[in-house]
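Data first, discussion second: the structure below is written as structure tokens.
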Amino acid sequence: MDYQVIIPAAGSGKRMGAGYNKLFLELAGRPIIFHTLDVFASDPACKKIILVVQSAEEEWFLQQLGKETYTTEIQFAHGGTERQHSVYNGLKSALPEGVVLVHDGARPFIEHDTIGELISVATKSGAAIVAVPVKDTIKKVKDLDVVETIERSSLWQVQTPQAFHFSVLYNAHARAEAEHFMGTDEASLVERAGYSVKIVQGDYDNIKLTTPEDLYFAEAILKKRHHKREERN
Ligand code: CTP
Ligand code: MG
């Protein structure tokens, strides 16, 4: 089933501490963002990529993209002050039909199988997100005092991609903007607008590269995938 994807890439990477957009950092000799773009550009079901970038960085992206052989259409949209604004800007330049995915530029390890399952569930239900069961015990804390231990079996750690019928995501964003609501993912806006959201179980490898130690995990994941490929060949 065909889809379009919005990839927010307009952050500043403060927690990574590189002093510039963390998506420019290289993994195995390629900027992180290109590992992410590779996944969608090599998926025949992905008909259009909307890459949301800071205006000042558009030139860098254009130059780097010039070195690639992608055949999928890649359209630019301008980043906003918060991730939610960036995604909404991207959504405004999407085709107003079908299923739209949102996927963080900083999650290069998403796999085609998971995307396929997500699209299939979202097509039927209107809204679906990738998540994994929480492994640690999670407690609610106030001023370093434990308030409550939350039952772990009901907790899921949410990732991207998140997939929606175009109108579901558009209505949810328009409403959030009108009501000045800021959420940390698309699904929170969609839930708030009254839609139900399905979970698709993903993979613990689909990490978001956020702080410097995530780069070590990323190297380990790349190494594991390299060994798997060698075993298959
Ligand atoms: N993002 C964006 N526009 C923003 C903020 C974030 O497009 N105003 C993008 C980032 O480029 C990233 C994704 O949203 O691909 C997830 O955000 P996050 O991991 O928080 O990245 P940054 O905001 O860059 O990092 P930090 O919060 O540490 O500054
Ligand atoms: Mg951020």
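The values are calculated or read from the model by the stated rules, or taken from the named source; none is laboratory data. Values in this document were obtained by computation on a predicted structure and should not be read as measured data. A quick note on method: Cβ atoms are made from the backbone with ideal geometry, for glycine too, and the neighbour counts reach across all protein chains shown.
Restricting attention to the range 37-69, the residues being farther than 17 Å from Asp2 by Cα and either assigned to a loop (DSSP other than H, G, I, E, B) or within 14 Å of ligand 1 (Cβ to nearest atom) (or both) number 14.
Residues in the range 1-28 that are more than 10 Å from ligand 1 (Cβ to nearest atom), surrounded by 13 or more Cβ atoms within 10 Å (Cβ to Cβ) and part of a strand (DSSP E or B): Tyr3, Gln4, Val5, Leu27.
If you go through the range 155-197 and keep only what is in a loop (DSSP other than H, G, I, E, B) and among the aliphatic types (A, V, I, L, M), you end up with Leu155, Met182, Ala193, Val197. Looking at the structure I just gave you, is Thr36 surrounded by 21 or more Cβ atoms within 10 Å (Cβ to Cβ), modelled with pLDDT of 95 or more and not hydrophobic (A, V, I, L, M, F, W, C)? Yes; evaluated as a whole, the condition is true for this residue. Candidates are the residues of the range 174-233 that are within 16 Å of ligand 2 (Cβ to nearest atom) and among the charged types (D, E, K, R); the one that is surrounded by the most Cβ atoms within 10 Å (Cβ to Cβ) is Glu186. Being at pLDDT 95 or above, within 16 Å of ligand 2 (Cβ to nearest atom) and of a type in the set (S, T, N, Q) is a property that Gln75 lacks. Against the definition (in contact (Cβ under 8 Å) with a residue 60 or more places away in the chain and out of contact with any strand residue (DSSP E or B) (no Cβ under 8 Å at 6 or more places or on another chain)), how does Val39 come out, yes or no? Yes; evaluated as a whole, the condition is true for this residue. Scanning the range 119-154 for residues that are part of a helix (DSSP H, G or I) and over 28 Å from Val99 (Cα atoms) gives Arg152, Ser153.
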